[in-house]
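Peer 1: I am attaching a structure below and will ask some questions about it afterwards.
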Amino acid sequence: MTIEKMKNRVREMITDKRYEHTLGVEYTACCLAYRYGADPIKARIAAVLHDCAKYVPHARMVEECEEAGCPVSDSERKNPALLHAKLGAVYAEKYFGIRDPEILSAILWHTTGKPDMSLLDKIIYIADYIEPNRDKSPILAQVRKEAFHDIDRCLILIMEGMMNYLTRQNDLMDPMTKNAYDYYRTAD
């Protein structure tokens, strides 16, 4: 399936606003791929598909993840919106024919991150945060600059900001985000 066909299919699965976000992630991921020497085609595919399961009802997300053999953590059961990344990787394989483990991993980890991410994992995680349509983070300008300077430092900034935000909101944090942050902070 071509990237254009994937985009058309994804457009039917998500809202117009989320589709604009998806196009922004695709553009940003491609730019980051060229900057760091990653495969721009893989970056585009992962970006286009990263939110393909975003609007699946929460109960169905849990059910479909379990059916696909994806473990569902306690934090994901309490906040099923986190599952859209896991289910997105399942959908990428099932409905879009993606077999490349690097692309599937980038989709899988784009929300929480994880320790020892691949270059493509990092690119999709960062592109999702900094794409041109995003404007909520108070550190966005700094993060955008760092994204093209030091990719690992950029990850730390994003994860630190996310953990601070979730703590202030008294919101549930997936333990994997903390694990990823600790991994990169100590590797720094």
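Read-outs throughout are calculated quantities, based only on the coordinates presented, and are distinct from any laboratory measurement. The structure displayed is predicted, hence computed values, not measured ones. Heads up, the Cβs are rebuilt from the backbone with ideal geometry, glycines too, and the neighbour counts pull from every protein chain shown.
Peer 1: Please give me, ordered by residue number, the trypsin sites (Lys or Arg not before Pro) of region 105-150 that lie in loop per DSSP and have at most 13 other Cβ atoms within 10 Å.
Peer 2: 136
Peer 1: Also: Using the count of nearby Cβ atoms within 10 Å as a rough guide to exposure, how do 162, 61 rank from fewest to most?
Peer 2: Details: 162 19, 61 25.
So the residues, fewest neighbours to most, are 162, 61.
Peer 1: Another question, if that's okay. HN-Hα J couplings of region 44-57 from phi, Karplus 6.51/-1.76/1.60, θ = phi - 60°, integer Hz, Gly and Pro as x?
Peer 2: Karplus values, whole Hz, x for Gly and Pro: 5, 4, 4, 5, 4, 9, 4, 10, 5, 9, 4, 9, 6, x.
Peer 1: Each residue of region 124-129 in order: what ³J(HN,Hα) in whole Hz does its phi give by Karplus 6.51 cos²θ - 1.76 cosθ + 1.60, θ = phi - 60°, with x for Gly and Pro?
Peer 2: The phi angles translate into 5, 4, 6, 4, 4, 7 Hz.
Peer 1: Arrange 96, 148 by Cβ neighbour counts within 10 Å, fewest through most, would you? Before the final figure, lay out the partial values.
Peer 2: Values: 96 18, 148 14.
By the 10 Å Cβ count, ascending: 148, 96.
Peer 1: Moving to a separate point now. Kirkwood hydrodynamic radius for the chain: how many Å is it when counted over pairs of different Cα atoms?
Peer 2: 16.5 Å
Peer 1: Continuing with the same structure: Filter 5/122; 5/78; 94/136 down to the pairs with a C-alpha to C-alpha distance above 31 Å, please. Write down the numbers at each step before the final one.
Peer 2: Values: 5/122 25 Å; 5/78 34 Å; 94/136 33 Å.
Violating the 31 Å Cα-Cα cut-off are 5/78; 94/136.
Peer 1: Quote the relative contact order of region 3-135 in percent (integer), defining contacts as alpha-carbon pairs under 8 Å separated by 6+ residues.
Peer 2: Reported as a whole number, the value is 29 percent.
Peer 1: Right, next: No other cysteine beta carbon under 4.7 Å away is the test; run it over the chain and list who passes.
Peer 2: Taking the Cβ cut-off of 4.7 Å, the unpaired cysteines of the chain are 30, 31, 52, 154.
Peer 1: With springs connecting C-alpha atoms under 10 Å apart, model the chain as a Gaussian network and identify which of 103, 14, 130 has the largest mean-square fluctuation.
Peer 2: 14
Peer 1: Counting other beta carbons within 10 Å of each Cβ, put 72, 143, 10 in order, fewest first.
Peer 2: 72, 143, 10
Peer 1: To continue, here is another question. Tell me, what HN-Hα J-couplings in whole Hz come from the Karplus equation 6.51 cos²θ - 1.76 cosθ + 1.60 at θ = phi - 60° for each residue of region 143-152, using x for Gly and Pro?
Peer 2: Values, residue by residue: 5, 4, 5, 5, 4, 9, 10, 9, 5, 6 Hz.
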